[in-house]
Structures are given as C-alpha cells and as structure tokens.
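Okay, structure first, notes after.
The values are calculated or read from the model by the stated rules, or taken from the named source; none is laboratory data. Since the structure is predicted, the reported quantities are computational estimates derived from the model, not experimental observations. Quick reminder, even Gly has a Cβ in these numbers, built from the backbone with ideal geometry, and neighbours come from all protein chains shown. All accessible areas refer to the heavy atoms of the entire protein, side chains included, with ligands and DNA or RNA removed. Shrake-Rupley method; radii C 1.70, N 1.55, O 1.52, S 1.80 Å.
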Amino acid sequence: INAEYMGPLKGKVEDVICEWDKKFLYTDLIKDADEKQHELLIDCIMAANFLNIKDMLDLTCAAVASMIKGKTPEQIRALFNIENDFTPEEEEKIREENRWCEEA
C-alpha cells in the first residue's frame, strides 16, 4: 500500500495499490476476486495484527473496508456470515442513535 496514503479510504482499495498488491489481494487472499471467498484474507488480518506487520494490516483492512463500502448491514452480515442477534427494538434504537451516519 502506498506509504504516503494516510486517511480514510475514499474509493476502492484497488485505486491506491500497485498491481502486485492487487493480484495478491484479488487472486490469493480473496479467491478469484469472489468476495464471498475471503477466509484467507481474514486469516492474514489476524496474523498481521498478531505479528505487528503494519503495512499488511493496512492493506488487508483496506480491502475489507472496500468490500463493505456501500453495502447495507444485511448485505454485510450475509457476506461475513454474521448472525443478527438484535431484537427489532434494539436494532431501531441503534439506527436512531446512528442516523447521522446515513446523512453523510
């Protein structure tokens, strides 16, 4: 990842990384560019965090950020197999508390 790049991801991660990193991410870590096949990507995030490899952690987390950008909570849950364990009341309260996010 570009070491000069600091700040929030404004577009897709592939817009700010070199060709080698793109191939590594979208062929090896996200198998054949299929977002649903991201197990190795998550494993690399965990390893990079544990081993304190900042550049790899930045790259892999940016890839996840790019994957979830523009998706609804339901789509994100489906992508990462996350069970929704909120009651409808809890979910409404959270949406109300974070309504400012949707306005931006």
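Computed quantities for the displayed model
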read-out	value
Residues satisfying the stated conditions in region 48-58, i.e. over 23 Å from ASP15 (Cβ atoms) and not in a loop (DSSP other than H, G, I, E, B)	ASN49, PHE50, LEU51
Region 45-58, subset modelled with pLDDT of 95 or more and surrounded by 17 or more Cβ atoms within 10 Å (Cβ to Cβ), residue farthest from the chain's Cα centre (by Cα)	ALA48
Residue pairs meeting the criteria (Cβ under 7 Å; at least 6 apart or on separate chains; first in contact (Cβ under 8 Å) with a residue 40 or more places away in the chain, in region 51-74; second basic (Lys, Arg))	SER66/LYS12
Residue under evaluation ILE94, criteria (1) surrounded by 13 or more Cβ atoms within 10 Å (Cβ to Cβ); (2) of a type in the set (Val, Ile, Thr); (3) part of a helix (DSSP H, G or I), criterion not met	(1)
Residues (modelled with pLDDT under 90 and among the basic types (Lys, Arg)) located in region 77-104	ARG95, ARG99
Residues of region 59-91 classified as part of a helix (DSSP H, G or I), over 28 Å from GLU39 (Cβ atoms) and either open to solvent by less than 90 Å² (accessible area, probe 1.4 Å) or of a type in the set (Phe, Trp, Tyr) (or both), total	1
Enumeration of residues in region 1-31 that are at pLDDT 75 or above and open to solvent by 60 Å² or more (accessible area, probe 1.4 Å)	LYS12, ASP15, CYS18, GLU19, TRP20, LYS23, THR27, ASP28, LYS31
Conditions (1) open to solvent by less than 90 Å² (accessible area, probe 1.4 Å); (2) closer than 25 Å to ALA78 by Cα; (3) modelled with pLDDT under 85; number of the one not met by LEU41	(3)
Cβ-Cβ under 7 Å pairs, at least 6 apart or on other chains, region 2-23 side of a type in the set (Asp, Glu), far side open to solvent by less than 90 Å² (accessible area, probe 1.4 Å) and at pLDDT below 80	ASP21/ILE1
